[in-house]
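Novice: Structure below; questions to follow.
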Amino acid sequence: MDKEKTPVIDVIIPAYKPDSSFKKLLKLLQEQTVRPHHIYILQTVEDGELPMEPDGNMISVHPVRRQEFDHGATRDYGARLADGDSPETLGQHYILFMTQDAVPAGNDLLEQLLKPFDRERTAITYARQLARKEAGILEELTRIHNYPPEDQIKGKEDLEHLGIKTYFCSDVCAMYRLDRYREMGGFVHPTIFNEDMIMASKVIQAGYQVVYCSKAQVIHSHSYTCMQQFHRNFDLGVSQRQYREVFENISSEKEGAGYAKNTLLYLLKKAKPAKAFYFALQCGFKLAGYKLGKNYDKLPAWMVHACTMSPGYVLFQKDRSKQSDR
């Protein structure tokens with residue numbers, strides 16, 4: 001990154017029924033040591049619902065009809081709102097995607113995410129996610145596994161030993177160099193899930209790098225039930241089936257099995273048999289959902305409807321898949 005030029009950082013946040021915690025997020029973003037140039041809120045609204053009023057010149061609100069929300073297309077819409085072609089900012093313009101429930105853990109989030117762009121190969125940086133104070137031990141262990149305290153630089157040369165983790169990246173809080181994002185054609189769409197990992201795979205295959213920044217930290221965690229884990233992993237499987245050209249030659253099951261084994265051993269060693277049992281149960285629900293999702297196009301419509309969090313999307317893609325096979 002050219003230190004003589006001032007970087008432009010635009011923040012893009014999809015939001016649905018924003019609450020008081022969302023206002024806290026917006027406040028903290030404006031108190032960063034490196035302040036954003038603009039914050040674009042992509043608010044999903046129901047028919048007849050009015051979007052929230054923007055607070056200040058730095059923030060604008062752009063409504064998205066609920067039936068038109070798409071993980072890739074909606075975020076790409078935000079990226080186009082932030083687009084800029086002036087020679088003064090080319091290569092110095094960044095877009096930061098966040099979710100409405102991620103809160104900066106400090107005032108240097110943007111500063112830390114920006115640092116790795118000093119290296120020309122860096123295309124994406126993403127933040128460490130810390131569990132909320134009220135989170136249980138299982139959620140804490142998941143966060144530690146996926147977001148360790150050490151930085152990591154990932155490129156094409158790491159695929160052999162890192163496998164699917166090479167592509168791991170999260171738009172809960174991820175910064176993209178805008179010209180690289182545009183070079184890759186933006187996020188794929190339609191997509192039910194994984195727009196971030198699919199983009200990471202594209203930049204890595206193009207010879208760029210994805211950098212995990214452990215000092216850039218956000219508070220973000222969920223305590224999902226077994227059925228919620230099932231539904232999420234079903235949709236994850238749908239995404240990997242839909243974009244199988246990205247995932248078919250790189251297994252994610254080995255990574256999941258390794259994490260499950262280590263976590264079970266840790267819980268048993270700490271004399272927490274009830275937690276170990278519940279974790280094993282969660283893993284079973286996750287695996288079942290994932291396996292079914294990978295075969296969603298072979299399932300009857302009623303079963304797809306029962307398994308997914310987005311029945312309209314999955315059933316539409318199922319119909320498209322049938323038509324393309326004819």
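The values are calculated or read from the model by the stated rules, or taken from the named source; none is laboratory data. Bear in mind the structure is a predicted one, so any value in this text is a computation, not a measurement. Don't worry about glycine lacking a Cβ; one is built from the backbone with ideal geometry, like all the others, and counts go over all protein chains shown. In case anyone asks, the SASA skips ligands and DNA or RNA and just uses the protein heavy atoms, side chains included. Shrake-Rupley method; radii C 1.70, N 1.55, O 1.52, S 1.80 Å.
Novice: So, in Å, what gap is there between the alpha-carbon centers of the range 43-83 and the range 155-230?
Specialist: What the calculation gives is 22 Å, centre to centre.
Novice: On to the next question. Might you report the magnitude of the Cβ-based charge dipole of the range 77-204 about its Cα centre, with Lys and Arg at +1 and Asp and Glu at -1, to the nearest 20 debye?
Specialist: Its charge dipole is roughly 160 debye.
Novice: Next up: Among 67, 199, 242, whose Cα lies farthest out toward the positive end of the dipole of the chain, if unit charges sit on the beta carbon of Lys, Arg (+1) and Asp, Glu (-1)?
Specialist: 242
Novice: 5 Å is the cut-off here: which amide hydrogens, built 1.01 Å from N in the peptide plane, fall below it relative to residue 309, excluding neighbours closer than 5 in sequence?
Specialist: 235
Novice: Then there's this: For the chain, what does the helix formula give at 222 nm: sum of -39500 (n - 2.57) over DSSP H segments with n ≥ 4, over the residue count, nearest 500 deg cm²/dmol?
Specialist: It lands at -13000 deg cm²/dmol.
Novice: Ranked from highest to lowest mean number of other Cβ atoms within 10 Å per residue, what is the order of the peptides 113-125, 12-24?
Specialist: Final packing ranking: 113-125, 12-24.
Novice: Moving to a separate point now. Quick one: work out the % antiparallel among DSSP beta bridges in the chain, nearest 5.
Specialist: For the chain, the DSSP antiparallel bridge percentage is about 30.
Novice: Please work out whether the range 38-179 counts as rounded, prolate or oblate from its C-alpha gyration tensor, where a ≥ b ≥ c are the square roots of the eigenvalues and a/c under 1.5 means rounded, while otherwise a/b larger than b/c means prolate and anything else oblate?
Specialist: Oblate is the answer for the range 38-179, as a/c is 1.5 or above yet b/c matches or exceeds a/b.
Novice: Using a probe of 1.4 angstrom, how much of the accessible area of the range 254-310 is carbon and sulfur, in percent?
Specialist: On the range 254-310, the fraction of accessible area on carbon and sulfur atoms equals 69 percent.
Novice: Nearest 10 degrees is fine. How inclined is helix 226-242 to the longest principal axis of the chain, computing both from alpha carbons?
Specialist: 70 degrees
Novice: Another question about this same structure. Treating the beta-carbon of each Lys and Arg as +1 and of each Asp and Glu as -1, no other charges, what is the dipole magnitude of the range 97-161 about its Cα centre, to the nearest 20 debye?
Specialist: Computed charge dipole of the range 97-161: roughly 100 debye.
Novice: Still on this structure, I have one more. Provide 234, 193 ordered by accessible surface of protein heavy atoms (probe 1.4 Å), highest first.
Specialist: Final ranking, largest accessible area leading: 193, 234.
Novice: Find which of 300, 267, 91 sits farthest along the positive direction of the dipole of the chain, computed with +1 on the beta-carbon of Lys and Arg, -1 on that of Asp and Glu, about the Cα centre.
Specialist: Final value for the positive-end residue is 267.
Novice: Here's something else I'd like to know. So what's the convex hull volume per residue for the Cα atoms of the range 19-88, in Å³?
Specialist: Enclosed volume per residue, from the Cα hull, is 119 Å³.
Novice: Going by amide H atoms built from the backbone, whose H comes under 5 Å of the H on residue 39, apart from near neighbours?
Specialist: Close amide H contacts, sequence-distant or interchain: 11, 59, 60.
Novice: Here's a follow-up. Please list, in order along the range 56-71, the HN-Hα scalar couplings obtained from phi with the Karplus expression 6.51 cos²θ - 1.76 cosθ + 1.60 (θ = phi - 60°), rounded to whole Hz, x for Gly and Pro.
Specialist: x, 6, 6, 10, 10, 10, 10, x, 10, 5, 4, 6, 9, 5, 8, 4
Novice: Another question, then. If you take the square roots of the eigenvalues of the alpha-carbon gyration tensor of the range 242-311 and sort them as a ≥ b ≥ c, do you get rounded (a/c under 1.5), prolate (a/b over b/c) or oblate?
Specialist: oblate
Novice: ³J(HN,Hα) across the range 113-124 via Karplus (A = 6.51, B = -1.76, C = 1.60, θ = phi - 60°), whole Hz, x for Gly/Pro?
Specialist: 5, 6, 3, x, 6, 4, 8, 4, 6, 5, 10, 9
Novice: With Rg and Dmax of the Cα atoms in Å defined as stated, name the option among [x] 22.7, 74; [y] 19.8, 60; [z] 21.2, 67 computed from the structure displayed.
Specialist: Given [x] 22.7, 74; [y] 19.8, 60; [z] 21.2, 67, the calculated one carries the label [y].
Novice: Which peptide among 215-226, 235-246, 148-159 comes first, and what is the full order, when sorted by highest mean count of other Cβ atoms within 10 Å?
Specialist: 235-246, 215-226, 148-159
Novice: Could you sort 77, 212 by their accessible area in this structure, using a 1.4 Å probe and putting the largest first?
Specialist: Working: 77 70, 212 0 Å².
Most to least solvent-accessible, the answer reads 77, 212.
Novice: Rounded to the nearest 5, what % of DSSP beta bridges with both residues in the range 120-240 are antiparallel?
Specialist: 45 percent
Novice: Ordering 132, 143 by how much accessible area each has at a 1.4 Å probe, largest first, what is the list?
Specialist: Ranking 132, 143 by accessible area, largest first, yields 132, 143.
Novice: Sort 166-178, 261-273 for me by packing, meaning the mean count of neighbouring Cβ atoms within 10 Å per residue, highest on top.
Specialist: Packing order, densest peptide first, comes out as 166-178, 261-273.
Novice: Check residue 130: other-chain or 5+ apart residues with amide H under 5 Å from its amide H, H built from backbone geometry?
Specialist: Distant-sequence amide H within range of residue 130: 218, 219, 220.
Novice: Separate question: Taking the Cα centre of the chain as origin and charging only Cβ (+1 Lys, Arg; -1 Asp, Glu), how large is the dipole, in debye to the nearest 20?
Specialist: Dipole about the Cα centre, nearest 20: 1320 debye.
Novice: On to the next question. Determine ³J(HN,Hα), in whole Hz, for all residues of the range 280-293 in sequence, where each value follows from phi through the Karplus function 6.51 cos²θ - 1.76 cosθ + 1.60 and θ = phi - 60°; x replaces Gly and Pro.
Specialist: My calculation for the range 280-293 gives 4, 5, 4, 4, x, 5, 4, 5, 4, x, 4, 4, 5, x Hz in order.
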